[in-house]
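See below for the structure under consideration.
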């Protein structure tokens, strides 16, 4: 799997911002088939940062209604990356 396919984008939520400020952790949406080793290599090469740990979780899509029809949002995978102390990712600083 290519590194550009593994990391889909950053997660910008209130909880992710608290983790970034307090614990040097950054959250990303990743491909559902990617494992921790692929995620670590992709983040290190794409963002030029030292990764200390990777935790992943599968997030189930929520049920949504549109009138009388019931649908579901797609399932996705989230990765929480623990960075080395003092390292920052330039694109995520303003978020």
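Overview of values
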{"item": "Count of residues meeting criterion [under 11 Å from residue 79 (Cα atoms) and without any contact (Cβ under 8 Å) to a residue 60 or more places away in the chain] in the stretch 17-31", "result": "6"}
{"item": "Identity of the residue in the stretch 1-16, touching a helix residue (DSSP H, G or I) at 6+ places or on another chain (Cβ under 8 Å) and outside any strand (DSSP E or B), that ends up surrounded by the fewest Cβ atoms within 10 Å (Cβ to Cβ)", "result": "4"}
{"item": "Residues of the stretch 1-16 satisfying the condition of being closer than 18 Å to residue 76 by Cβ and under 14 Å from the mean Cα position of the chain (by Cα)", "result": "4, 5, 6, 7, 8, 9, 10, 11, 12, 13, 15, 16"}
{"item": "Where residue 85 falls short, out of the listed (1) touching a residue at least 12 places away in the same chain (Cβ under 8 Å); (2) within 14 Å of the chain's Cα centre (by Cα)", "result": "(2)"}
{"item": "Test: residue in the stretch 17-24 that is surrounded by 13 or more Cβ atoms within 10 Å (Cβ to Cβ), modelled with pLDDT under 95 and not in a helix (DSSP H, G or I)", "result": "yes"}
{"item": "Filter result (surrounded by 10 or more Cβ atoms within 10 Å (Cβ to Cβ), in a loop (DSSP other than H, G, I, E, B) and at pLDDT below 95) within the stretch 74-95", "result": "84, 87, 88, 89, 95"}
{"item": "Within the stretch 25-44, considering residues that are over 9 Å from the mean Cα position of the chain (by Cα) and surrounded by fewer than 17 Cβ atoms within 10 Å (Cβ to Cβ), the one modelled with the lowest pLDDT", "result": "44"}
{"item": "Test set (1) surrounded by fewer than 14 Cβ atoms within 10 Å (Cβ to Cβ); (2) modelled with pLDDT under 95 - residue 47 fails condition number", "result": "(1)"}
{"item": "Subset of the stretch 32-73 that is in contact with a strand residue (DSSP E or B) (Cβ under 6 Å, 6 or more places away or on another chain), in a loop (DSSP other than H, G, I, E, B) and touching a residue at least 24 places away in the same chain (Cβ under 8 Å) - its residue that is nearest to residue 86 (Cα to Cα)", "result": "49"}
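The values are calculated or read from the model by the stated rules, or taken from the named source; none is laboratory data. These figures come from a predicted structure and were not determined experimentally. Cβ sites come from the backbone with ideal geometry, for glycine too, and all protein chains shown count toward neighbours.
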